[in-house]
1. Output yes when any residue across the stretch 129-137 is at pLDDT 70 or above and either of a type in the set (S, T, N, Q) or in a strand (DSSP E or B) (or both), and no when none is.
2. When you go through Leu88, Leu120 one by one, which is the residue that is in contact with a Pro (Cβ under 9 Å, 6 or more places away or on another chain) and either closer than 17 Å to Leu48 by Cβ or at pLDDT 90 or above (or both)?
3. Of all residues in the stretch 27-49, which are touching a Phe, Trp or Tyr at 6+ places or on another chain (Cβ under 9 Å) and outside any helix (DSSP H, G or I)?
4. Please specify each residue of the stretch 147-199 satisfying the condition of being surrounded by fewer than 18 Cβ atoms within 10 Å (Cβ to Cβ), modelled with pLDDT of 85 or more and of a type in the set (D, E, K, R).
5. Tell me which residues, restricted to the stretch 200-211, are assigned to a loop (DSSP other than H, G, I, E, B) and modelled with pLDDT of 90 or more.
6. For Asp86, indicate whether it is farther than 24 Å from Trp140 by Cα, loosely packed, with under 15 Cβ neighbours inside 10 Å and not assigned by TED's automatic domain parsing to the domain that holds Ile178.
7. Condition check: within 14 Å of the chain's Cα centre (by Cα) and either outside any helix (DSSP H, G or I) or touching a residue at least 12 places away in the same chain (Cβ under 8 Å) (or both). Does Pro106 satisfy that?
Amino acid sequence: MRILLVEDETELATTLERILQKQGYQVKTCGDGKEALDIIREGGYDLLILDWMLPGISGLEICKQVRQCFSPPLADIPILFLTAKDTLDDRVLGLDGGGDDYLVKPFQLRELLARIRALLRRRGSRGEGMTIIPGLEVDWESHLVYRNGRLIKLSDKEIQLLRLFCENPYRLITQEEIYNCLWGQQSTPSSNVVAAMVRLLRRKIEFPDTPPLIHTIYGKGYWFGLEQKSTPQA
């Protein structure tokens, strides 16, 4: 299991990294909020441990961006706040902002480890089984995609885009929404990069003998599904 520990207190981060590694976890540490967002966007982590007060971007803002701007599976990563902010209002704000758990410093190591185990069990119990829509099967965990029984190899970005489409069928998805989910909100969305990514995905999941799944609404965005359904709503 891979854990990203975002903590700007170097001594604490080093100590926790060593302890967690002894427990069998793979741990990466980071002390800056903006850098943490870039690392999270790369994917591959099973748990995020967040300090609240960080340079660059606060832990709370990181949590909100992960939940609101990323697409699954990145948006579903369990988040544990590990912070000195100890008021009831702080806890409510952290949990309402998308946190799964909240532990106040100073803390008991046994309790931290127990909370980590609980969050990882919860993540495992969700499962990442086959999602099936007509003609399309996807195993999100292994990134295996089949169209009418044919295996398709997709990049991480293409998987993210496909999941965004699959979870929002027959709904208008704007170019800006796609850009924010795949690349974040640091720069102005580019219609070229979004169109190129959609074109790559379309080439891989659509064949001459299969009905199209990705449909362009010119000047607005895209919708996903089979054409016999009603026109998507904006």
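1. For the stretch 129-137, residues at pLDDT 70 or above and either of a type in the set (S, T, N, Q) or in a strand (DSSP E or B) (or both): present.
2. The match here is Leu120.
3. Across the stretch 27-49, the qualifying residues are Lys28, Asp46, Leu47, Ile49.
4. Across the stretch 147-199, the qualifying residues are Lys153, Asp156, Lys157, Arg171, Glu176, Arg199.
5. Glu206
6. yes
7. Here the answer is no, as Pro106 does not meet what is asked.
So that you can scan it fast, the table gives a plain yes or no per residue for (1) in the same structural domain as Leu95 (by TED's automatic domain parsing); (2) of a type in the set (D, E, K, R); (3) surrounded by 17 or more Cβ atoms within 10 Å (Cβ to Cβ):
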| residue | (1), (2), (3) |
| --- | --- |
| Val6 | yes, no, yes |
| Thr10 | yes, no, no |
| Ala13 | yes, no, yes |
| Arg18 | yes, yes, no |
| Gly24 | yes, no, no |
| Lys28 | yes, yes, no |
| Asp38 | yes, yes, no |
| Leu48 | yes, no, yes |
| Gly56 | yes, no, no |
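The values are calculated or read from the model by the stated rules, or taken from the named source; none is laboratory data. Because the structure is a prediction, the values reported are computed rather than measured. Here the Cβ is made from the backbone with ideal geometry for all residues, glycine too, and neighbour counts use every protein chain on show.
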